[in-house]
Every structure is written in C-alpha cells, then in structure tokens.
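Have a look at the structure below before the remarks.
Laboratory data are not the source of any read-out in this text; all were calculated from the coordinates shown. Predicted model, so just to flag it, every value in this text is computed and none were measured. Cβ: placed from backbone, ideal geometry, glycine included. Neighbour counts: every protein chain shown.
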Amino acid sequence: MKALNTNLKKRVIPIILVSNHQVVKSKEFKDYRVFGNLAQTINVFNQRNVDEIIVLDIDAQKKKSKINLDILKILSRNTTMPFSYGGGIQTIDDIKQCLNFGCDKVVINSKFIQNIKFVSESAQTFGSQCIIASVDYNILNKNNFQIFSHSKLKTDNLNIKNYINDLNRLGVGEIIITSVNHEGNLKGYDHSLLQSILNEVDIPILINGGCGKPEDMIQPLLLGAEGVCASSIFFYTQYAYRDIKNILLRNKIKVRIT
Amino acid sequence: MKNSVGIIDCGINNINSLQKAFNKIEVNTEVVRSYKNLQDFSHIVLPGVGSFDKGMENLKNMGFIEEIHKLAEKGNFILGICLGMQLLFEESKESLNNYSGLSLAKGKCEKLKIIKDSKIRVPHMGWNSLKIKKKDVKLLANIEDNSDFYFVHSYYVVPESSNNIAATCNHGVEFTAVYESNNIFGVQFHPEKCLKNGLNILKQFSQFS
C-alpha cells in the first residue's frame, strides 16, 4: 500500500485578544492587561511572517454585542497573513461580512452552544473549511470537564465529548480547545482532553491555553494537534517566533520556516 | 478593453484580500458585480469561499455563467482560486443538487479522504508544499519547487488529462494544486495570503498576453 503522507506543516498561531480597541492579555479569562494597539500588534506579526493569526473580540462575549466592524476594518487593512476573527457572530450575514473583510475563517463559540443547528447552517453556506468552533473548558477533576461559557449560558447538561462530536458531525472545519485553568499561566497546555478528542474526530484540532515556552508545543503536536495557539509567549517571554519554529524543527516537527 | 484585472464578486468572497494583494504588485483591479462589465477585462479572477452549490447558484443568478463562457472562448485569461478553481470543472462531489460546474476545464472534484489512524485530517488547513510537475509553467515562473502555500479546503480537482496538472500537493492523496491549459488557470491554495510567492503567481497571471 502506498504510504499515506502529507507535507502539511504544523501551525504556530498567535491569538490576539482585543478589548475596547486595545490588545489585552488575560489569565484564566480574568485580570486583563493592556498591551497596546491592534494595528501595531498586527504589523509586528506581519513582519515575523507568522503562519496565521486569530483575533478575538472579548467584549462581544461579555456584553453580548454584535461583530466588531472596527476590528475587522483594522484586520482587513493591515493583515498580510491568513487571519480569523471571532466575537459576536450570531447570523449568516455576520459570517458573510467577516469573509468580505478578508477573514479566511471565523471563530464561533457561544452561538454554537445556544444553537447547535447553526453549525450546519453556516457550514452549508460557506463550506466547513471556514468555520472554526472554539470550545473553552474547565477541568473539574481527572477526565471530567465542563464547557465554560463567557456569556453565562447554561452548560451543565452539555457533555463536552458529545458536544465536540456534534460540532464535527454537523460540519465545523476546525476546533480550538482552550483550558480555562491553564489560560495565561505559562505552565504548559492541558493534554488530558486533547488525546480523547483526537481519537473522536477527524477534523484539525488546535490547542490553546497555557503555553509558556516553545517546548510546551512539542507534546500536543506530536499527539496530533494540527496547530498550537498561544498568546502570552509572544508578549511576556523572550522567545521570537523564529526561535519557536527552530526548536520545533529540531524536535522533528514539520513547520514552515520562512 | 482595460488592461486591468477583473475580480468577480458573486456574494461570498474574500475580494478584499485579493485586491490588496494585486495593489501590492501595482496591478489595477476592479470588482465586477455585473456580468455586463466582465467583457471589459482581459484577465478575470474567480475567487471563492463557500460551497460548490452556493457558488454556482450565485454565478447563475447574477448572469455570469454565459458571459464567462463567451469570454473564455474569446481567449480572455481566467484564474480560479480555491473554490473558484473547482467551479471551473464539470462537476463536484460536494454538490448536493448535482449542479454542473462551469466546465471550462475537463474533470471533476473529489473530497479529500479522512484516513483513520493516520495523520490525515480534513479539511486540509494550513501551509503545505507544492510539487511542480511541469517545466515552463507560466504561472509558476518564479516559484521554487517545494515552496509552501496556504490551503483551506476539503475538495480537490481531478483533471481529465494529466497534461494540465502543473503542480500537485500531498495530503493523503497527491492532488492537483495548480491547473493550466491555454487561457484557463486554477490554484487550490490562496495566493493572496502567501506573501512573496503568492504575489509572484498573481503577477505572472496579470502579465499574460
């Protein structure tokens, strides 16, 4: 049998959180610190030639507001790499607007918890490849996880593995899983949910929350995550984007070197 | 005929990125929202985000299909990007309604296979390298073999004749990433998101004469 292979590179994806037009960084989704202006931050990532970026409007989650056109305008004007936007997406028309602003993909969290049918609706209109689901979770205890909702939606009766299976079955193209407990702590990713999810679904999985050094990215990528998302490492540490790629490469992980 | 590139807007597109990319290489572009204006352009780009059926429905409802055929026959240069590339072909497994494609290229679209217990996940998302299959591919004049390009798709084209396969990419299968025949071209990746290499391809296309 012919060897099944791919030359697809594993992705290292900066996540940029925006609140009130400022780039912020949080810890466990609290304690926000301001890091500066969005356009400038994007330009830095442009220069570093990163694989792609994800920009999330965190005010939308808390204030239940609509998509943020100001952010989308800044993204569309300044970004040279592939980018995704999330925050306040409620309707098919919202997604269409994001794509018209040049987004390659959109990130949806609360809306899917509220209405799982919106997965198939959006995937059938735009194709699975541009619909990313973001799932935030709390670790209750070993192998017991609870979906975390920024919008204070009731999630107690949602089993996370069933939920992720539904997202997959109904057509999302990619899922970002974020451990709330690890978010912003720089102590490494939570792998406990990743492995079981990789076994369950066949779409790309991105892991997020807790990366503090390039070495933290190795294990999830070896386990089979298609990409690692991180934020603090780019703002708080001395590692340059290229250093991270070189370290991954030395650990026999295929990444794009530019 | 204007010496600029016409970009077809049939509703769901990331036109904005494409225009920005052409701007960078100092090529004038205009967004074409009515089929009546399409004949003004010697070079036509058919971008596309979305599903095959939605793409064909929009082209049909906006009256683009006949006009595209007419101009293709006249020899205007046409470049399909991502879904736009797939729409150039005759049919697609993605179509729930058995819609025909534009049929400017012979062949069909298949779905990338998920391979259990392998590393192959679908959609195919991210940077993957190009294997150049033919010498003197005009579109790839300045591209080195094995350069990385940005892909976001679940379906791929299978041209009837392998002579038209300019470059391939591996993701479980070796699929056609660049198609060329006379005046019809297609790329499965997003050149507008691929910096220097992507801009090079757009530049080559805009200079065809």
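Here the relative contact order of the range B:7-165, from alpha carbon pairs under 8 Å that lie six or more residues apart, stands at 18 percent. So the label point goes 7 Å from the Cα of residue A:77 along Cα→C-beta, right? Which residues of the range A:14-58 then have their backbone N under 12 Å from it? Zone members listed by number: A:38-40. The simple spin-label model puts a point 7 Å past each Cα toward its Cβ; for residue A:157 and residue A:49 those points are separated by 5.3 nm. Answer rounded, prolate or oblate for the range B:2-207, using the Cα gyration tensor with square roots of eigenvalues a ≥ b ≥ c: rounded when a/c is under 1.5, else prolate when a/b is larger than b/c, else oblate. Verdict is oblate for the range B:2-207. Taking every residue in A:94-105 and counting other chain Cβ atoms within 10 Å of its Cβ, the average works out to 5. Electrostatic bookkeeping for residue B:127 treats Lys and Arg as +1 and Asp and Glu as -1; over the other residues with beta carbon under 12 Å from its beta carbon, the sum is +3. Placing a label point 7 Å from the Cα of residue A:140 along the Cα-to-Cβ direction, no residue of the range A:166-182 has its backbone N under 15 Å from that point.
A Förster distance of 35 Å, applied to the separation of the beta-carbon atoms of residue B:115 and residue B:161, puts the FRET efficiency at 0.80. Beta bridges from DSSP with both residues in the range A:11-250: antiparallel share about 30 percent, rounded to the nearest 5.
Cβ distances below 4.7 Å define possible disulfide partners, and in chain A the cysteines left without one are A:130, A:211, A:229. Per residue of A:121-131, other chain Cβ atoms within 10 Å of the residue Cβ number 6 on average.
The lysines whose alpha-carbon is closer than 23 Å to the alpha-carbon of residue B:106, local same-chain residues fewer than 8 away aside, are B:54, B:60, B:70, B:74, B:93, B:131, B:133, B:134, B:135, B:138.
Remark: A:147, A:58 ranked as A:58, A:147, counting other beta-carbon atoms within 10 Å and listing the fewest first.
Distance between the modelled labels on residue B:69 and residue A:39, one decimal in nanometres: 4.8 nm (7 Å Cα→Cβ projection).
Can you tell me what share of the DSSP beta bridges in the protein assembly as shown is antiparallel? A percent to the nearest 5 is fine. Around 45 percent of the beta bridges assigned by DSSP in the protein assembly as shown are antiparallel ones. May I ask what percent, to the nearest 5, of DSSP beta bridges between residues of the range B:2-207 are antiparallel? Here the share of antiparallel DSSP bridges comes out near 55 percent.
According to the square roots a ≥ b ≥ c of the eigenvalues of the Cα gyration tensor, what is the shape class of the range A:1-142, taking rounded for a/c under 1.5, prolate for a/b larger than b/c otherwise, and oblate for the remainder? Judged from the Cα gyration tensor, the range A:1-142 comes out rounded (a/c under 1.5). Estimated purely from DSSP H runs of n ≥ 4, each contributing -39500 (n - 2.57), the mean residue ellipticity at 222 nm for chain A is -10000 deg cm²/dmol once divided by its residues.
Take the Cβ atoms of residue A:22 and residue A:65, set R0 to 22 Å, and the FRET efficiency comes out at 0.85.
Each residue, residue B:106 and residue B:146, gets one label point 7 Å from its Cα in the Cβ direction; the gap between the two is 3.5 nm. As a proxy for reagent exposure, ranking A:221, A:158, B:140 by other Cβ atoms within 10 Å from fewest up yields A:158, A:221, B:140. Rounded to the nearest 20, the Cβ-based charge dipole of the range B:43-112 about its Cα centre (Lys and Arg +1, Asp and Glu -1) stands at 100 debye. Note on the range A:11-250: percent of Cα-Cα distances in each 10 Å bin, starting at 0 and stopping at the bin with the largest distance, equals 7, 35, 40, 17, 1. With neighbour counts taken as other beta-carbon atoms within 10 Å, the residues A:154, B:203, A:10 rank, fewest first, as A:154, B:203, A:10. Counting charges near residue B:106 (Lys, Arg +1; Asp, Glu -1) among other residues having Cβ under 14 Å from its Cβ returns a value of -3.
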